[in-house]
Amino acid sequence: MRSRSPATQGWARAPRQVFFMIAIVDYGAGNLSSVFKAVANIGFPSTVTSDPEVVRSSQILVLPGVGAAGDAMQRLQQLGLQDAIKDSIRLGVPFLGICLGLQLLLDVSEESGEQPCLGVIPGAVRRLPKGLKVPHIGWNQVKQCVKHPVFSGIPDNSEFYFVHSYYPDPRDRNVVAGETGYGVNFCSVLAVDNIVATQFHPEKSGLQGLKLLANFFGFAHQKARSAGAN
């Protein structure tokens, strides 16, 4: 039986002695409070910010989001966040994208026409196939395609909560860490180097979602610690 509410067990909470600065990017694209609360629930302090200088100085970066790609990119540009996010990723800052935050990593989205995105990951964001109930809302399985620290302790084919009408289609299949089927098999978890991103909402996915978030921040703290030692 899946859990739909935060739990107090099932993962190791954050070590109390060392924290790195976590910035949750606020560009007016929703679900900020649920992400902030989920991160706090697993024991990590974070800052919600729309300040590009705070983003640049962060040691771990989270880009959540719901809504249209065109509106999101316009807001990122207006706030000066587009270059700050890309620079942080290029410098190796651990990055978590959630839902629209995954899609914006790609080159272009079919949503809002041919909408240019951040262009961090080669590929396109495509409309879910015709004939399906769209948006895709609800619980669906994630098939783990590779071993990655974010999947630690999470059974293969666990269910997570989705809300989307478009899906990411990265050009390089090696970046696809998890797949989900809904009319088409699509990338539901993307992972490469310092980047992890999910098409589903881990903050709304009960115990397994919180476990995945805890795994990501453990992975991110290790990377940030290693970067600080160099």
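Below, the figures for the structure above:
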quantity	calculated
Residue, surrounded by the fewest Cβ atoms within 10 Å (Cβ to Cβ), within the range 39-74, restricted to residues that are of a type in the set (D, E, K, R) and under 19 Å from PHE95 (Cα atoms)	GLU53
Pairs, first at positive phi in the range 202-221, second outside any helix (DSSP H, G or I) and small (Gly, Ala, Ser), C-beta under 6 Å, six or more apart	GLY206/SER3
Odd one out for LEU128 among (1) within 17 Å of the chain's Cα centre (by Cα); (2) of a type outside the set (Lys, Arg); (3) under 20 Å from VAL189 (Cβ atoms)	(1)
Residue in the range 31-40 that is at pLDDT below 85 and either part of a loop (DSSP other than H, G, I, E, B) or hydroxyl-bearing (Ser, Thr, Tyr) (or both) present	yes
ASP172, sole failed condition from (1) in contact with an Asp or Glu (Cβ under 6 Å, 6 or more places away or on another chain); (2) of a type in the set (D, E, K, R); (3) loosely packed, with under 13 Cβ neighbours inside 10 Å	(1)
Flag for LYS147 being assigned to a loop (DSSP other than H, G, I, E, B) and at pLDDT below 95	no
Looking only at the range 27-38, and only at residues there that are under 14 Å from the mean Cα position of the chain (by Cα) and not hydroxyl-bearing (Ser, Thr, Tyr), the one that is surrounded by the fewest Cβ atoms within 10 Å (Cβ to Cβ)	GLY30
All strands (runs of 3 or more DSSP E) inside the range 152-230 with 3 or more residues being of a type in the set (Gly, Ala, Ser)	176-181
Criterion (of a type in the set (A, V, I, L, M) and at pLDDT below 95) met by exactly one of ALA84, ALA68	ALA68
Residue list for the range 125-144, filter: out of contact with any Lys or Arg (no Cβ under 8 Å at 6 or more places or on another chain) and in a strand (DSSP E or B)	VAL125, ARG126, ARG127, HIS136, ILE137, GLY138, ASN140, GLN141, LYS143, GLN144
Tally, over the range 65-87, of residues that are more than 13 Å from the chain's Cα centre (by Cα) and either assigned to a loop (DSSP other than H, G, I, E, B) or within 19 Å of LEU213 (Cβ to Cβ) (or both)	4
Check on LEU91, crowded, with 16+ Cβ neighbours inside 10 Å and at pLDDT 95 or above	no
Scope the range 136-175; condition within 14 Å of the chain's Cα centre (by Cα) and over 22 Å from GLN222 (Cα atoms); matching residues	PHE160, TYR161, PHE162, VAL163, HIS164, TYR167, PRO168
Any hit, the range 135-156, residues being buried (at least 21 other Cβ atoms within 10 Å of the Cβ) and aromatic (Phe, Trp, Tyr)	yes
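The values are calculated or read from the model by the stated rules, or taken from the named source; none is laboratory data. The shown structure was predicted, so the numbers you read here are calculated from the model rather than taken from an experiment. Because the Cβ atoms are built from the backbone with ideal geometry, glycine has one as well, and the counts that use them run over all protein chains shown.
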